[in-house]
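Remarks on the structure that follows.
The values are calculated or read from the model by the stated rules, or taken from the named source; none is laboratory data. Everything quoted here is computed from the prediction, not taken from an experiment. No Cβ is skipped: glycine too gets one built from the backbone with ideal geometry, and neighbour counts run over all protein chains shown. Surface accessibility is based on the protein's heavy atoms, side chains included, excluding ligands, DNA and RNA. Shrake-Rupley method; radii C 1.70, N 1.55, O 1.52, S 1.80 Å.
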Amino acid sequence: MFKLKNILVLFAVLVFSTANLFSENYIIKSIDIQTDFAIVEGINSKISLVAKDSLGNIVDINCVREIKLNNKVFNIVFVDGIAEFEYIFNEKTDLNIQCEGIEASKTIKPIPLWMSIIPPLIAILFALIFKEVFSALFIGLFSGAFIIWIYSGTNVILSVFKAILTIPDTYVLRALFKTEHLSIIIFSMLIGATVQIITKNGGMKAVINILSRRANNPRSGQFVTWLLGLVIFFDDYANTLVVGNTMRPVTDKLKISREKLAYIVDSTAAPVASIAFVTTWIGAELSYIQNSITQLGLNESAYNIFFSSLKYSFYPILTLIFILILIYAGRDYGPMLTAERRAREKGVTAADMEQKLQTDLKEMEVSDHIKPNIYNAIIPIAIIIFGTIAGLFYTGWNPAVWENKSIGFITKISETIGASDSYKALIWGSLGGLISAMFLSLSKKKLGLQNTMDSMINGFKAMLSAIVILILAWSLAALISDLHTAEFITSAIQSANMSPYLLPVLSFVISALMSFSTGTSWGTMAIMYPLVLPATWFLCQETGMDYNASLMLFSHVVSTVIAGSVFGDHCSPISDTTILSSLASSCNHIQHVRTQLPYALTVAVVGLVFGTLPVAYGLSPWIAYPILIGVCFLIIRFFGKKVEPVKQ
């Protein structure tokens with residue numbers, strides 16, 4: 001009987017304790033205050049209140065509770081034990097919160113908004129001074145992370161270590177966790193491998209051999225070189241190395257100077273690759289655009305923005321037209337005229353070239369036993385182009401759009417592409433191109449399995465530096481988004497009373513200076529896009545521009561960053577494509593820079609004065625292009641002189 005009584009008592013105690021425990025699980029015992037990783041002065045910051053029970057677990061409550069925040073009463077909604085709201089910190093604040101008799105506090109020291117410009121500014125200055133973009137992006141990331149940790153209350157020494165660790169474990173991982181970023185990396189690797197294989201299996205050489213047969217005088221020789229630059233549109237490195245090396249014997253025979261060859265090669269590489277539909281550039285360009293429109297919450301397609309920006313790409317397009325006018329007129333000016341006349345009179349002699357990039361040329365060489373076949377190049381390239389187009393239509397197809405008779409055909413295409421998944425389309429198209437290039441190489445015994453695999457791996461390797469730049473750029477973009485750098489730039493421009501219509505010109509000039517100093521257009525775009533695109537949109541909205549006008553100016557700035565990057569890259573003696581153009585053409589590098597610079601400056605100034613500026617203020621680009629072409633023709637006609645052939 002006694003034992004039974006003890007058992008009943010123990011059971012009652014157990015039931016009471018269990019009931020009390022469960023009841024306490026729904027009573028708030030403590031509140032955790034969680035804030036954004038970076039809290040910036042004057043910017044809305046998200047504050048999360050996490051209700052916890054006596055065991056430290058989140059209380060599963062869904063209700064409205066009254067809290068006191070620094071003696072001000074708020075009604076907030078708890079959803080699954082978490083309440084979120086926004087608060088603006090203008091100075092160091094002791095955050096005191098009371099809820100159901102529970103108090104919590106946290107000291108917040110906001111980062112001054114002006115300090116948000118420090119990370120990108122350090123990245124830019126570091127790149128300008130040391131001529132190296134990888135370390136510049138890393139130092140920019142480090143400086144931003146260091147600022148965040150210092151203002152979070154961490155001491156200086158610990159902040160240094162935390163800042164270094166924050167780069168890979170927070171910002172790099174955040175960049176790589178995005179599906180669109182991984183898609184760009186995969187696409188870049190696939191198209192790099194395809195370019196390498198169709199070069200090694202003789203497909204590219206066959207294309208060049210066919211076109212080079214049409215060259216029988218200086219004018220036709222230059223035109224064929226220009227045309228080849230357009231044909232090999234998908235990669236600026238492949239364009240430079242393949243066209244330069246293949247056309248050099250032809251242009252030598254026709255007494256076209258190495259300087260002119262290098263100029264045509266260099267000026268049909270990046271300009272074409274930067275604006276073509278499917279290239280090694282498009283992935284990065286779409287990624288930068290997508291990051292900005294996602295950050296701004298715009299319901300727009302990155303592809304649509306890119307297509308809209310093409311009509312504003314005055315420098316790349318005008319450069320291609322400028323070369324055609326030079327060829328047609330048979331005129332040159334400046335150092336190029338001297339080089340051309342010397343070549344016509346004395347013939348062409350090889351230059352004493354740098355040896356450090358010979359490996360690049362060897363990787364592009366075709367073995368003697370391989371017979372060039374044009375289909376080895378045409379089929380994979382066609383599959384990439386049409387496969388991507390098919391992918392865009394497949395992922396964006398909406399029967400309702402195509403059954404709507406009230407909208408035009410072009411609008412239907414635009415809406416279909418705008419609704420498509422461009423990243424999937426690019427991967428599908430480039431994968432199809434790679435598989436077809438491998439199949440053609442193996443089935444026709446152009447390359448053995450080992451050589452095909454080696455070529456594919458070399459293509460992957462060729463894209464490594466570009467991929468690293470992309471990852472660091474994405475990471476820096478995430479950092480400056482946390483610091484609200486765009487808001488600071490917008491406020492600075494507003495305080496200076498700068499018109500938003502001047503932003504395209506300003507973006508071009510800054511991008512050109514940065515690209516010239518660093519020698520990389522990719523690195524320039526990586527730093528500039530996250531800065532200027534959000535700032536452009538914010539400024540347009542602040543000045544009262546409507547959505548369509550803001551979007552048009554936004555697209556214009558997209559194009560001027562690309563154009564300025566390409567222009568600076570053309571003029572820079574440390575640019576990789578400029579060096580490769582000299583090497584592939586066997587032209588003295590300094591001579592190449594000296595002879596190309598006047599032409600690049602001419603096109604840039606004409607493009608800015610008669611294209612970028614007036615179009616930003618409302619002139620139609622379709623009116624601007626005839627004016628631009630006419631001005632270029634007049635400059636060549638009155639400043640250029642005939643390069644007379646040698647009288648035999």
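Packing, as the average of other Cβ atoms within 10 Å across residues, places the peptides 305-317, 257-269, 620-632 in the order 257-269, 305-317, 620-632, highest first. Per residue, the accessible area of the stretch 508-552 comes to 33 Å² when a 1.4 Å probe rolls over the protein heavy atoms.
Between the stretch 250-317 and the stretch 400-473, the alpha-carbon centres lie 17 Å apart.
What does the C-alpha gyration tensor say about the overall shape of the stretch 389-544? Classify as rounded when a/c is under 1.5, otherwise prolate if a/b is larger than b/c, or oblate. Oblate is the answer for the stretch 389-544, as a/c is 1.5 or above yet b/c matches or exceeds a/b. If you take all other residues with their beta carbon under 12 Å from the beta carbon of Leu113, and give Lys and Arg +1 and Asp and Glu -1, the sum is -2. Find the percent of Cα-Cα distances in the stretch 564-648 that exceed 14 Å, and round it to a whole number. Summing the P(r) of the stretch 564-648 above 14 Å gives 71 percent of all pairs. Estimated at the nearest 10 Å², the accessible area of Lys178 is 80 Å² with a 1.4 Å probe.
Backbone phi angles across the stretch 338-346, fed through the Karplus curve with coefficients 6.51, -1.76 and 1.60 (θ = phi - 60°), yield HN-Hα couplings of 4, 5, 5, 5, 5, 5, 5, 7, 10 Hz in residue order; Gly and Pro are listed as x. When Ser430, Ser54 are compared by accessible area at a 1.4 angstrom probe, the order from most to least is Ser54, Ser430. With all projection directions averaged, the alpha carbon convex hull of the stretch 111-206 covers 9.2 nm². When a 1.4 Å probe is rolled over the protein heavy atoms, the share of accessible surface on the stretch 533-648 that falls to carbon and sulfur comes to 68 percent.
Provide the per residue accessible area, probe 1.4 Å, for the stretch 92-170, rounded to a whole number of square angstrom.
On the way: 3960 Å² over 79 residues.
So the stretch 92-170 comes to 50 Å² accessible per residue, rounded to a whole number.
The order of Asp80, Asp569 by accessible area, most exposed first and with a 1.4 Å probe, is Asp80, Asp569. Accessible-area rank, largest first, for Ile198, Ile385: Ile385, Ile198, with all protein chains present and a 1.4 angstrom probe. Only protein heavy atoms count here; under a 1.4 Å probe, Ser441 has an accessible surface of about 0 Å². Here the convex hull built on the C-alpha positions of the stretch 153-216 has a volume of 168 cubic angstrom per residue. Distance distribution note for the stretch 455-551: the fraction of Cα pairs above 22 angstrom is 40%.
Go through Lys46/Lys72; Lys178/Lys412; Lys255/Lys641; Lys205/Lys346; Lys52/Lys72; Lys260/Lys642 and tell me which ones have a Cα-Cα distance over 26 Å in this structure. Kindly include the intermediate steps, with their values, before the conclusion.
Working: Lys46/Lys72 17 Å; Lys178/Lys412 29 Å; Lys255/Lys641 17 Å; Lys205/Lys346 29 Å; Lys52/Lys72 23 Å; Lys260/Lys642 14 Å.
Those over the limit are Lys178/Lys412; Lys205/Lys346.
Ranked highest first by the average count of other Cβ atoms within 10 Å around their residues, in what order do 169-177, 90-98, 41-49 fall? Numbers along the way, then the final one.
On the way: 169-177: 15.6, 90-98: 13.4, 41-49: 17.2.
Per-residue Cβ counts within 10 Å, averaged per peptide and sorted highest first, yield 41-49, 169-177, 90-98.
Taking θ as phi - 60° and the Karplus parameters 6.51, -1.76 and 1.60, the scalar couplings of the stretch 214-221 work out to 7, 8, 9, 8, x, 5, 5, x Hz in sequence order, x denoting glycine and proline. For the stretch 108-149, the extents of the C-alpha atoms along the principal axes are 38, 16, 8 Å, listed from largest to smallest.
Quick check on the stretch 271-330: take the gyration tensor over C-alpha atoms, sort the square-rooted eigenvalues as a ≥ b ≥ c, and tell me if it's rounded (a/c under 1.5), prolate or oblate. Don't skip to the end; give the middle numbers.
Working: a/c = 4.12, a/b = 2.72, b/c = 1.52.
It comes out prolate by the Cα gyration axes.
Solvent exposure of Leu442, expressed as accessible area, is near 70 Å², computed with a probe of 1.4 Å over the protein chains only.
What's the local net charge at Cys632, with K and R +1, D and E -1, over the other residues with C-beta under 15 Å away?
On the way: positive: Arg331, Arg637; negative: Asp332.
With Lys, Arg at +1 and Asp, Glu at -1, the neighbours total +1.
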